[in-house]
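Below is one structure, written out as structure tokens, with a few remarks after it.
Every number here is computed from the coordinates shown, using simple stated rules; none is lab data. Just so you know, these numbers come straight off a predicted model, no measurement behind them. With ideal geometry, Cβ positions are generated from the backbone for all residues, glycine too; neighbour counts draw on all protein chains shown.
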Amino acid sequence: MHQKTLAELTQALHQKEISSVELTQLFLKRCESLNAKLNCFVTLTPEHALAQAKAADLQLQKGTVGPLTGLPIAHKDIFCTNGIKTSCGSKMLDNFIAPYDATVVERLTAAGMITVGKTNMDEFAMGSSNETSFYGVVKNPWDLNRVPGGSSGGSASAIAARLTPVATGTDTGGSIRQPASLCGITGLKPTYGRVSRYGMIAFASSLDQGGPMARTAEDTAMILNVMAGFDERDSTSASEPIEDYTAKLNDSIRGLKIGLPEEYFDERLDSTVSELVHTGVKELEKLGAKIKEIKLPNSNLSIPVYYVVAPAECSSNLARYDGVRFGYRCEDPKDLADLYCRSRGEGFGREVKRRIMIGTYVLSAGYYDAYYLKAQQIRRLIRDDFQKALTEVDVIIGPTAPGPAFKINELMNDPISMYLSDIYTVSVNLAGLPAISIPAGFMGNLPIGMQIIGNCFSESRLLNIAHRFQQVTDWHQHTPEGFN
Amino acid sequence: MSLNKTDIEKIAWLARLSIAGDDIPNYTRDLSNILDLVKQMNAIDTANVKPMAHPLEITARLREDKITESNQREHFQKIAPAVTNGYYLVPKVIE
């Protein structure tokens with residue numbers, strides 16, 4: 001049963017092969033027995049889940065239900081959940097019981113989904129390996145000595161290990177797509193503003209975007225249907241109408257114009273990853289797509305720009321953690337300054353402190369123009385490159401990450417090398433575009449993802465391409481050994 | 001190194017972060033390396049480029065001026081480290 005996709009589980013529930021309570025118990029049991037191995041959950045919520053499942057079963061008996069009623073989901077621990085600990089992977093929020101639900105959680109719960117737990121993540125979503133979490137590193141089910149990627153590594157690991165069919169994630173510079181690639185699952189970063197940020201703990205507000213993670217494009221579309229849409233409580237929520245993201249999954253992709261950026265396939269890319277992505281593109285060609293070489297000339301500047309913009313916004317957003325209203329407070333502060341400095345110094349981990357300090361520096365008097373303003377100018381050039389390319393082609397395809405999952409501790413003492421694992425993903429956040437990562441093969445035993453980038457609000461098209469690809473390939477169906 | 005010990009102490013104070021003395025060399029090295037990476041931006045001429053603060057370049061929405069939230073002070077103060085009579089407690093700031 002745990003091998004079934006969300007689409008198949010809906011069938012099973014509706015045909016009364018299994019009840020929601022039984023299904024929930026089955027997944028909870030897997031979570032409880034396998035979490036010790038993977039560490040992908042910060043909190044499991046069995047009582048809450050079973051109460052929700054009982055209510056779902058009553059609804060299922062009445063018959064007036066949607067496609068998601070009674071199905072399990074896990075939420076990244078960055079989404080506020082009313083009455084449930086919401087840690088954001090940080091000691092700072094280890095004692096934080098959220099007093100309200102994030103819009104994403106509220107909508108998925110209203111659609112009848114069962115919350116089985118909160119997934120582990122890099123602290124405040126700052127990391128590409130899940131190693132910065134206060135709760136320890138998450139293991140990659142494909143190789144327990146390797147990282148799952150980050151920051152939504154707990155969600156990706158849990159889905160790959162079949163502990164939950166779907167999960168929520170967030171993506172500020174690659175945090176949905178890179179772990180999806182490293183764990184062999186499907187992950188979509190929607191257009192900026194497509195999914196509400198209300199109740200999603202802020203990292204870099206002009207880049208943060210919540211999105212769905214699943215095994216298949218079809219399941220991804222099913223939960224995006226509920227997650228997406230305008231929310232007046234999010235000041236930058238997009239008002240463009242939403243679609244039924246499952247409606248066009250089977251459309252033909254004949255005549256689709258795919259752009260391959262030469263900058264994404266240079267010597268920095270592992271040759272096996274490059275081959276796998278090219279093989280994936282050939283599959284799409286067989287389905288009628290046309291290929292064109294394109295240029296994104298400023299893409300090599302996306303990492304430098306990101307490491308000004310994201311820390312600047314984070315230093316401002318994380319100023320709210322002051323030891324006064326909620327979260328961690330130091331022992332015996334001698335005055336107010338001591339209260340602030342020690343609560344923050346003791347409550348935040350090293351990577352978070354690094355980024356707050358970089359952000360503070362680039363925004364400080366005398367440095368603003370040279371760093372922050374300059375970064376915002378180049379951000380426009382990066383966005384313009386995409387805009388120009390997307391008038392010539394419908395979508396852009398490249399790798400999601402430069403290589404497969406790396407070893408635990410391999411990059412932990414080298415922040416710059418760690419930052420470079422997001423080299424193919426951050427520019428998409430800077431431009432605000434949607435992009436999906438789908439499994440495209442294996443390097444040895446380790447999965448490799450392929451990234452498809454589209455124009456603003458083209459989620460439906462991206463899911464269509466991903467779904468057609470998954471109908472002619474089986475990379476997304478492989479299960480890591482020991483988790484069958 | 002583009003930054004020194006004094007810079008790090010100043011930045012840490014601006015950000016209200018206590019940093020242990022023996023950790024300052026690590027932060028000095030890491031932050032200097034990050035700033036070196038960021039300096040790649042200088043290779044690009046941006047003389048006439050308008051800064052882009054936001055991907056969708058939207059303007060802030062206005063809403064009707066009416067009350068939408070109720071007072072939930074007790075609910076929100078339940079998770080505070082220290083409160084008394086509905087106030088948040090901090091160390092004494094006025095002698």
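Below, the figures for the structure above:
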quantity	calculated
Calculated FRET value between A:Gln387 and A:Ser252, using beta carbons and R₀ = 35 Å, to 0.05	0.85
Of B:Gln77, A:Gly454, A:Val137, farthest towards positive along the dipole that unit charges on Lys, Arg, Asp, Glu beta carbons give the protein assembly as shown	B:Gln77
Trypsin sites (Lys or Arg not before Pro) restricted to DSSP loop in region A:1-50 with at most 14 other C-beta within 10 Å	A:Lys16
Which of A:Leu163, A:Leu6, A:Leu336 has the fewest Cβ neighbours within 10 Å, and the rest in rising order	A:Leu336, A:Leu6, A:Leu163
Partner aspartates and glutamates for A:Lys286 [C-alpha distance under 14 Å; skip if fewer than 8 residues away on the same chain]	none
Dipole magnitude of region A:380-446, debye to nearest 20 (Cβ charges: Lys/Arg +1, Asp/Glu -1, about Cα centre)	60 debye
Of the GluC sites (Glu not before Pro) in region A:265-328, those whose Cβ has at most 12 other Cβ within 10 Å and which sit in DSSP loop	A:Glu267
Cβ-based exposure ranking for A:Ile114, A:Ile294, B:Ile94, A:Ile97, in which fewest neighbours within 10 Å come first	B:Ile94, A:Ile97, A:Ile294, A:Ile114
Contour excess over end-to-end distance, with Cα ends at B:Asn85 and B:Asp36 and 0.36 nm allotted per residue	12.6 nm
FRET efficiency, 1/(1 + (r/R0)^6) with R0 56 Å, evaluated for A:Lys286 and A:Asp338 via beta carbons	0.30
Cβ-derived FRET efficiency at R0 56 Å, A:Gln11 paired with B:Leu14, nearest 0.05	0.45
C-alpha long axis of helix B:24-38 to longest principal axis of chain B, angle in °	70 degrees
Per-residue Cβ neighbour rank within 10 angstrom, fewest leading, A:Ser460, B:Ser18	B:Ser18, A:Ser460
Spin-label pair A:Ala370/A:Arg233, simplified geometry with 7 Å Cα→Cβ offset, distance in nm	4.3 nm
Lys, Arg +1 and Asp, Glu -1 on Cβ, resulting dipole of chain B about Cα centre, debye, nearest 20	220 debye
Label-reachable residues, region B:64-95, where backbone N falls under 15 Å from a point 7 Å from A:Ala319's Cα toward its Cβ	none
The protein assembly as shown: antiparallel DSSP beta bridges as a percent of all, rounded to 5	70 percent
Gain on full stretching of the segment that runs from B:Thr68 to B:Ile94 - 0.36 nm per residue minus C-alpha separation	5.8 nm
At least 18 Å along the helix axis (C-alpha) and Kyte average at least -0.5, DSSP helices within chain A	A:20-38, A:271-286, A:302-317, A:350-363, A:459-472
Between 0 and 90°, nearest 10: helix B:5-14 axis offset from chain B longest Cα axis	30 degrees
Alpha-carbon gyration tensor eigenvalues x 5, square-rooted, for chain A, Å	31, 30, 20
Sparsely packed trypsin sites (Lys or Arg not before Pro) within region B:52-83, loop by DSSP, other Cβ within 10 Å at most 13	B:Arg61, B:Arg63, B:Lys66, B:Lys78
